[in-house]
């Protein structure tokens with residue numbers, strides 16, 4: 001089974017990126033010194049005696065890079081501070097959901113772990129998670145960070161109940177990014193936000209595909225790429241296709257019904273495919289391969305998070321010393337009807353849950369840790385690491401990282417398990433002014449054109465959607481792909497749409513619209 | 001009279017128990033040797049079968065196996081009335097038939113050809129090259145195929161384009177899927193499968209060939225009239241065993257080759273079970289599908305064996 005899961009993983013990648021990093025509003029200010037936050041720190045250390053040592057099993061998604069061991073300095077710190085014995089179970093991100101199900105079946109779920117929307121909703125009624133409404137108010141910092149009346153606390157929970165602590169972070173994570181050095185090389189200008197239409201997008205991508213922007217004399221660059229659906233989302237949005245669901249005439253409709261919009265979009269995509277502008281293997285690409293293309297100087301226009309800008313630039317520079325990579329942030333392209341948008345991140349997910357089987361003492365200990373984690377002091381340690389080990393004060397009085405920062409990734413749990421609301425989690429003590437500003441500017445551009453899912457969280461209240469949407473959507477997607485590669489005429493999107501409706505879609509639409517009224 | 005009868009009875013008794021004792025003494029080591037295998041089968045093969053009854057329940061991991069409610073044959077009804085059931089069955093049978101009839105014959109052909117090679121070193125190296133792929137996992141095999149045949153930057157396609165031909169969509173065009181699958185199966189398994197045939201060819205009495213040569217039989221004639229008939233029993237046994245896994249196609253391989261464009265020919269019971277069971281967490285339904293598959297496999301083996309016996313062959317049991 002293990003073997004099988006491993007391979008399964010390789011297949012699954014497509015979606016997953018998840019949770020990167022970043023934030024809203026106030027969080028941006030520089031994290032204060034560890035010692036200097038008495039106002040917000042809670043009395044956790046003072047309050048509880050924590051006499052008994054308690055083992056806590058924690059699971060988190062793992063996306064590559066160095067892996068935390070159980071004797072990681074931060075774990076040691078937590079173990080001592082809260083008198084616990086933390087056992088980490090780091091599960092490869094793409095197979096995480098499946099692994100959880102296997103753990104559930106074998107009765108070995110961790111004490112504290114993140115779950116995605118579908119699992120969260122499915123397991124609530126099974127009594128898998130601890131119900132938190134009575135617990136949270138006892139932890140002042142935690143309840144302040146996640147007030148029960150916050151929308152994110154309601155969206156995926158039944159009325160009056162809270163089964164998990166949601167992630168409250170990005171509004172919009174990704175937007176279009178372009179390799180400016182490639183544009184320069186081809187004598188093209190970076191378009192302004194107003195000039196950046198889908199035609200302009202196409203023009204740039206085509207030049208990138210055909211005119212050898214990397215200058216290696218080979219025809220080996222790709223215009224634009226995309227795995228299942230992620231990368232060309234901004235393009236879909238430009239043609240007015242809903243991010244799953246949108247409101248039209250007071251009713252929620254799913255994107256599968258937008259035949260007209262799809263026709264325009266598919267005409268565009270088919271042309272791109274036929275002319276070799278769209279990656280010919282877009283159907284096969286996993287998200288890891290898409291990343292590889294960016295890092296290996298093959299792809300110059302893509303939708304991504306700007307956090308990786310420096311990584312990509314460095315990696316390209318390292319492998320191809322003659323290049324001078326520079327990535328600029330773009331607004332999403334404008335479609336023929338003036339639509340433009342970047343998909344909103346899903347709201348209130350993932351949820352971090354406590355196993356209902358945990359005993360009172362263990363629950364208390366977990367909540368104590370979280371109550372500390374959301375404070376400035378806690379956040380500071382959970383993302384920068386331990387002073388003297390992962391970072392230190394330089395001779396110039398400024399913070400700087402040590403050799404152990406890279407190999408020990410002290411930010412890991414803060415990025416992948418739990419973080420306080422906000423998007424400041426990728427800003428560190430030593431992050432300089434310029435970087436802070438870049439971060440702000442980026443967030444402003446990305447969030448200027450939101451493209452929300454109007455039925456976010458509601459899909460899971462439709463029984464038909466739960467039972468059938470996976471296979472229905474797969475069929476629809478198959479039709480879309482077939483049209484793009486030319487196996488089917490563009491017209492056939494009509495049949496695909498009516499097939500989707502006839503085989504359960506109509507029922508889903510009905511149920512979702514009822515769910516809105518009841519919400 | 002009575003006494004004599006009593007006597008003999010006693011004697012027989014004694015004889016019997018002595019015999020049994022002796023027999024046990026002799027056989028005990030053998031029974032002990034059987035034991036690990038027996039335990040293995042009981043614990044890892046028979047034990048898990050009890051889990052099958054969740055196919056008749058609405059299993060929830062949090063309620064546990066016992067407390068989940070019974071639903072009778074609901075899952076089976078759902079399976080047989082599933083819109084995709086016929087498609088799954090068709091795809092599964094299609095691939096099974098391809099593999100059983102075309103894939104199955106390759107090891108035999110290879111064994112016979114190898115047997116005719118006279119140069120020992122050449123024969124050994126060819127044999128090694130042919131069975132080496134057996135040790136590669138599907139991830140690697142499919143990965144290599146992708147590198148060659150990807151449309152955008154696959155080696156073959158880049159070459160085709162450079163030579164002025166158009167690219168071919170080997171990995172995404174549903175028409176190619178079955179052949180790619182079969183070809184990879186043969187490439188990976190045929191050399192390994194040939195070993196058992198080679199071994200039984202080696203045990204054929206050389207006198208037969210000599211006699212045939214004297215009678216002026218050609219090479220082909222010898223193969224047809226001596227080698228193949230001698231292999232008949234082995235082939236039959238292998239075939240019956242193969243039928244046992246008739247409907248088992250191997251999840252990994254198909255899953256790796258699967259993509260949204262070839263789903264209509266590549267979706268089989270295994271991948272369906274995976275989607276329902278692990279992706280959607282519907283354990284009971286997935287178990288029901290698995291049970292259905294196993295029953296089909298059992299029926300295939302039993303009937304193939306019966307047919308083989310009726311034809312006067314040995315069969316597997």
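The values are calculated or read from the model by the stated rules, or taken from the named source; none is laboratory data. As the structure is a prediction and not an experimental result, all values here were calculated from the model. Here Cβ is always computed from backbone atoms with ideal geometry, including for glycine, and neighbour counts include all displayed protein chains.
Details
- Residue in region B:94-115 that is within 28 Å of residue A:468 (Cα to Cα), exposed (fewer than 14 other Cβ atoms within 10 Å of the Cβ) and touching a residue at least 24 places away in the same chain (Cβ under 8 Å) present: yes
- Subset tally (residues that are within 28 Å of the chain's Cα centre (by Cα) and farther than 25 Å from residue A:268 by Cα) for region A:472-519: 9
- Region A:102-134, subset in contact with a helix residue (DSSP H, G or I) (Cβ under 7 Å, 6 or more places away or on another chain) and free of Cβ contacts under 8 Å to residues at least 60 places away in the same chain, residue farthest from the other protein chains (Cβ to nearest Cβ): A:119
- If you check A:432, A:364, A:424, A:376 for being free of Cβ contacts under 8 Å to residues at least 12 places away in the same chain and either over 30 Å from residue A:456 (Cβ atoms) or in contact with a helix residue (DSSP H, G or I) (Cβ under 9 Å, 6 or more places away or on another chain) (or both), only one passes: A:432.
- Scope region B:42-82; condition surrounded by 12 or more Cβ atoms within 10 Å (Cβ to Cβ) and either within 11 Å of chain A (Cβ to nearest Cβ) or under 23 Å from the mean Cα position of the chain (by Cα) (or both); matching residues: B:51, B:52, B:54, B:59, B:60, B:61, B:62, B:63, B:65, B:68, B:78, B:82
- Filter result for residue A:183 (part of a helix (DSSP H, G or I) and more than 16 Å from residue A:303 (Cα to Cα)): yes
- Of everything in region A:217-265 that is surrounded by fewer than 19 Cβ atoms within 10 Å (Cβ to Cβ) and within 20 Å of residue A:204 (Cα to Cα), the residue that is nearest to the other protein chains (Cβ to nearest Cβ) is A:220.
- Enumerated helices (runs of 4 or more DSSP H) restricted to region A:396-514, each holding at least 3 residues that are at negative phi and within 14 Å of chain B (Cβ to nearest Cβ): A:463-484, A:492-500
- The one condition in (1) touching a residue at least 40 places away in the same chain (Cβ under 8 Å); (2) surrounded by 17 or more Cβ atoms within 10 Å (Cβ to Cβ); (3) in contact with a helix residue (DSSP H, G or I) (Cβ under 9 Å, 6 or more places away or on another chain) that residue A:463 fails to fulfil: (2)
- For region A:80-108, a residue qualifies if it is part of a helix (DSSP H, G or I), touching a strand residue (DSSP E or B) at 6+ places or on another chain (Cβ under 7 Å) and surrounded by fewer than 21 Cβ atoms within 10 Å (Cβ to Cβ), and exactly one does: A:99.
- Those residues of region B:207-221 which are closer than 16 Å to residue B:112 by Cβ, without any contact (Cβ under 8 Å) to a residue 60 or more places away in the chain and either part of a helix (DSSP H, G or I) or touching a strand residue (DSSP E or B) at 6+ places or on another chain (Cβ under 6 Å) (or both), in sequence order: B:208, B:209, B:212, B:220, B:221
- Scan of region B:236-265 for residues that are at pLDDT 90 or above and more than 11 Å from chain A (Cβ to nearest Cβ), ordered by number: B:265
- Selected residue (only one of A:337, A:322, A:344 is within 30 Å of residue A:454 (Cβ to Cβ), surrounded by fewer than 19 Cβ atoms within 10 Å (Cβ to Cβ) and at pLDDT below 90): A:344
- When region A:331-347 is filtered for residues that are over 23 Å from the mean Cα position of the chain (by Cα) and in a loop (DSSP other than H, G, I, E, B), the ones remaining, listed by number, are A:335, A:336, A:337, A:338, A:339.
- Within region A:279-293, tally of residues that are within 7 Å of chain B (Cβ to nearest Cβ) and in contact (Cβ under 8 Å) with a residue 60 or more places away in the chain: 1
- Subset of region B:197-255 [surrounded by 13 or more Cβ atoms within 10 Å (Cβ to Cβ) and on the phi > 0 side of the Ramachandran plot]: B:250
- Test: residue in region B:108-118 that is under 23 Å from the mean Cα position of the chain (by Cα) and within 14 Å of another protein chain (Cβ to nearest Cβ): no
- Selection count where residues are within 14 Å of chain A (Cβ to nearest Cβ) and surrounded by fewer than 20 Cβ atoms within 10 Å (Cβ to Cβ), scope region B:275-305: 4
- Which listed residue is more than 14 Å from every other protein chain (Cβ to nearest Cβ) and out of contact with any helix residue (DSSP H, G or I) (no Cβ under 9 Å at 6 or more places or on another chain), from B:207, B:132: B:207
- Of everything listed in (1) touching a helix residue (DSSP H, G or I) at 6+ places or on another chain (Cβ under 9 Å); (2) within 30 Å of residue A:219 (Cα to Cα); (3) part of a helix (DSSP H, G or I), the single unmet condition for residue B:151 is (3).
- The numbered conditions (1) surrounded by fewer than 19 Cβ atoms within 10 Å (Cβ to Cβ); (2) touching a residue at least 60 places away in the same chain (Cβ under 8 Å); (3) away from chain B (no Cβ under 14 Å) are all true for residue A:147 except (2).
- Residue check: residue B:140 meets all listed conditions (1) surrounded by fewer than 16 Cβ atoms within 10 Å (Cβ to Cβ); (2) within 11 Å of chain A (Cβ to nearest Cβ); (3) under 29 Å from residue A:477 (Cα atoms); (4) over 28 Å from the mean Cα position of the chain (by Cα) but one, namely (4).
- Some residue of region B:157-165 being more than 27 Å from the chain's Cα centre (by Cα), within 14 Å of chain A (Cβ to nearest Cβ), under 30 Å from residue B:276 (Cβ atoms) and crowded, with 18+ Cβ neighbours inside 10 Å: no
- The residues on offer are B:55, B:27, and the sole one that is farther than 24 Å from residue B:292 by Cβ and modelled with pLDDT of 85 or more is B:27.
- Residue in region A:75-96 that is modelled with pLDDT under 90 and farther than 27 Å from residue A:343 by Cα present: no
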